[in-house]
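First comes the structure, then the notes that go with it.
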Amino acid sequence: MKNAKRGDTNAMYELGILYNIGQSGLSKDLKLGYEWFQKSADNGNMRGMLGAGDSLIHGLGVNNDVKYGIALVCQAAGLGHATACFMVGKFYGYGRFGLPINISQAIYWLKKGASDDCPYQVGSASQKDSARLLLKELQSNLESN
């Protein structure tokens, strides 16, 4: 917590995670989790952008603000956060959260997330498998049209 209060954006993000899950002696508090994600995001941290964006999209500890949440997730994707790239690809692939279905955008973001272009490679194996399956499906649909 000391490092987060001193301005370490990664520590801010990690503190947000700890509050969201209630770990390391902290009580689960989604509101405080969101606040730390947002502080991290406000200081340019792509993980903080993803955490705050996801919280805003789903109303976790904060009132829903889908537009701002999507903007933060897209910003994290643009900075090279692989999980954010996968999320944006899915948003476009399925037309989620008010975004139109846009196959070319979906393919772009899914490929970016799976490539070495993303300096921050994270995500579970199931998340990556899901993104690969969607990418394959979208490319197949595009080729058949």
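Restricting the calculation to alpha carbons of the chain gives Rg and Dmax of 15.9, 56 angstrom. Based on protein heavy atoms only, the chain ends up with 54 Å² per residue of surface accessible to a 1.4 Å probe. Of the peptides 3-9, 131-137, 15-21, the ranking by mean beta-carbon count within 10 Å, highest at the top, reads 15-21, 131-137, 3-9.
Backbone N atoms of segment 48-68 closer than 13 Å to the 7 Å Cα→Cβ label point of residue 105 belong to residues 67. Just add up the charged neighbours of residue 34: K/R +1, D/E -1, any other residue whose Cβ is under 13 Å from the Cβ of residue 34. Net local charge, residue 34 excluded: -2.
Calculated [222 nm] ellipticity per residue, helices only, for the chain: -22000 deg cm²/dmol; basis is -39500 (n - 2.57) per DSSP H run with n ≥ 4, divided by all residues, nearest 500.
Based on the Cα coordinates of segment 1-55, what is the per residue volume of their convex hull in Å³?
57
For a straight C-alpha distance cut-off of 20 angstrom, the lysines reachable from residue 128 (same-chain residues fewer than eight places away being disregarded) are 90, 111, 112, 136. Straight-line cross-link reach from residue 39 at under 22 Å between alpha-carbon atoms covers these lysines, not counting any fewer than eight positions away in the same chain: 2, 5, 28, 31, 67. Summing Lys and Arg as +1 and Asp and Glu as -1 over all other residues whose Cβ lies under 10 Å from the Cβ of residue 87 gives a net charge of +1.
The values are calculated or read from the model by the stated rules, or taken from the named source; none is laboratory data. Worth saying up front: this structure is predicted, and the values here are computed from it rather than measured. Ideal geometry is used to build each Cβ from the backbone, glycine not excepted, and the neighbour counts take in all protein chains shown. In case anyone asks, the SASA skips ligands and DNA or RNA and just uses the protein heavy atoms, side chains included. Shrake-Rupley method; radii C 1.70, N 1.55, O 1.52, S 1.80 Å.
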